[in-house]
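Accompanying notes for the structure given below.
Please treat every number below as a calculation from the coordinates, not as lab data. Treat the numbers as computed from the prediction; the structure is a model and nothing was measured. Quick reminder, even Gly has a Cβ in these numbers, built from the backbone with ideal geometry, and neighbours come from all protein chains shown.
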Amino acid sequence: MILSESNLAVREKLAKYSNTNPDDWFLCLKARYGMAASYKAIRSELGSGEVITPPYTCITSVNPIIVAGLKPIYADIDPQTLSITGADKLVSKRTRAIVVQHTLGIINPEIQNIGKICKDTGIMLVEDSAHCLARMALDHKGRPIADISVHSFGVEKVLQNTKFGGAIFVNPRLKERNPKLYEAITSRLINLPEVPRSLDLKIRAYRTQNAILQRVPNAMKSGFRNIMLKTKTFEPAVKPLEQAADQDIEYAITPFVSETILKNITSLPSDYRRREQNVEIYRKYLKNATYFHIVSNKKEPLLAFPVVFEDTHRATEAYNALASSGYFIRRWYSPLLYPGPVDNRYYSYNSKSCPVSEAIHPRILCLPTNLSTNDTKKIINILYPVQNHVENYRKTVENSLSSTKKTSKKA
Ligand SMILES: Cc1ncc(COP(=O)(O)O)c(C=O)c1O
């Protein structure tokens, strides 16, 4: 396959931002396709079996496991990282891979231990960095830990204007550990089929169609969207078949998509700086909130800043208050396996196995981190009326005291 110039240029940028080698990056039309190709190679080399993964995720990250003929086994999440914990207790002879998703860009420190288990047992470590483009967990020598690291340029990811595109980093050290598996994964990723013309056209039309959809009155939106889906003229972020444990065949990236990424990817360092600053603002002002608590405890450029409310009612109230002030807030991942399977049985998911995920998902709000400082503070003001009331009262008292002092001096 002949790769376009923009394909190489995107891989060079990813390598630069992650201090890796462009040859270890493989682009695909959507990250889910690179994941499916990788799981298919894992199954062909290691045999059928299980993949340990969180339910607190997008359904498109679990479908690739199922379409590859592997079975998802769900590990619950740690409320401090929103990422898997206790995976070691689920490991068996049938485990083929463990997925560590860095939810919202919080790098899960447990990946260090999971990495050791994987190294000792030959299980593949898959890192889902879909929320933290070009960021990966590193070992004590500063090298990527995971065997495979998944990155996305898709809808509602770090870069706003790309909408399509995925990138898979395959760790070159896998070549020494399991050369046949390394070869199977990389040759599948290099030889992904090209997209048909009809899909290429839909991808090119996506932004315009989406802009039109945003302008359609709310009452008509879903009808309009359904017509576009039925007439197969629209490529949505999650297709109906993807809520039933299926997905299309894995496609290669197109020149249009890699050129679009190239135009946008140079903004990544400044985008991350802004996100990191806003995370610091949220951490500073929201840390003593009464009705919710913050999750993040580190300076990181998060995709969104998670706050977990005491109960669903308060979370919904805060969501409505923010939405009515014009702020687009995500309730990731609610329902679990977002936007939810048509039937949990397709996914072998039993809600009893993941009590923390079940308890957290209806109570979480993910606050935007890519807005101006001013907007970030406005969001804080909406969320924190009690705190602000006290603060305003304190200022009023201080002002009146200082004006009383001035008047008494004059007298
Ligand atoms: C955690 C996670 N992993 C993987 C994916 C799949 O990414 P893509 O849309 O590029 O296929 C998503 C998509 O939303 C995701 O949220």
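What are the residues in the range 160-191 that are surrounded by 20 or more Cβ atoms within 10 Å (Cβ to Cβ) and either of a type in the set (S, T, Y) or under 19 Å from I261 (Cα atoms) (or both), if any?
Within the range 160-191, T162, K163, F164, G165, G166, A167, I168, F169, Y182, T186, L189 meet the criteria.
Tell me whether the range 21-33 contains one or more residues that are small (G, A, S) and in contact with a Ser or Thr (Cβ under 6 Å, 6 or more places away or on another chain).
So far as the range 21-33 goes, yes, one or more of its residues are small (G, A, S) and in contact with a Ser or Thr (Cβ under 6 Å, 6 or more places away or on another chain).
Starting from the range 333-344, keep only residues that are free of Cβ contacts under 8 Å to residues at least 60 places away in the same chain, then list their pairs with residues that are more than 12 Å from the ligand (Cβ to nearest atom) whose Cβ atoms are within a distance under 6 Å, requiring at least 6 positions of separation or different chains.
Listed by first residue and then by second, the contacts come to S334/H361; S334/P362.
Confirm whether G49 is more than 30 Å from G142 (Cβ to Cβ) and in contact (Cβ under 8 Å) with a residue 40 or more places away in the chain.
Taking the combined requirement at face value, the residue satisfies it.
Quick one: which helices (runs of 4 or more DSSP H) lie wholly within the range 132-229 and hold at least 2 residues that are away from the ligand (no atom under 16 Å from the Cβ) and within 24 Å of the chain's Cα centre (by Cα)?
In the range 132-229, 179-190, 197-215 are the helices (runs of 4 or more DSSP H) which contain 2 or more residues that are away from the ligand (no atom under 16 Å from the Cβ) and within 24 Å of the chain's Cα centre (by Cα).
Any chance you could count how many residues in the range 305-335 are touching a Leu at 6+ places or on another chain (Cβ under 7 Å) and within 16 Å of the ligand (Cβ to nearest atom)?
Residues flagged as touching a Leu at 6+ places or on another chain (Cβ under 7 Å) and within 16 Å of the ligand (Cβ to nearest atom) within the range 305-335 amount to 2.
Which ones in the range 1-22 are free of Cβ contacts under 8 Å to residues at least 24 places away in the same chain and of a type outside the set (A, V, I, L, M)?
Of everything in the range 1-22, those that are free of Cβ contacts under 8 Å to residues at least 24 places away in the same chain and of a type outside the set (A, V, I, L, M) turn out to be E5, E12, K16, P22.
Would you point out the residue of the range 89-131, among those that are more than 10 Å from the ligand (Cβ to nearest atom), closer than 20 Å to N19 by Cβ and touching a residue at least 40 places away in the same chain (Cβ under 8 Å), that is surrounded by the most Cβ atoms within 10 Å (Cβ to Cβ)?
Of everything passing the filter in the range 89-131, V100 is surrounded by the most Cβ atoms within 10 Å (Cβ to Cβ).
Matching residues to (1) under 12 Å from the mean Cα position of the chain (by Cα); (2) more than 24 Å from G340 (Cβ to Cβ):
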{"residue": "V62", "(1), (2)": "no, no"}
{"residue": "K89", "(1), (2)": "no, yes"}
{"residue": "R94", "(1), (2)": "no, yes"}
{"residue": "N113", "(1), (2)": "no, yes"}
{"residue": "K116", "(1), (2)": "no, yes"}
{"residue": "M124", "(1), (2)": "no, yes"}
{"residue": "D128", "(1), (2)": "yes, no"}
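Filter the range 22-60 for residues that are more than 19 Å from the chain's Cα centre (by Cα) and among the small types (G, A, S); which is nearest to the ligand (Cβ to nearest atom)?
A37
Take R43 and tell me if it is basic (K, R) and without any contact (Cβ under 8 Å) to a residue 60 or more places away in the chain.
yes
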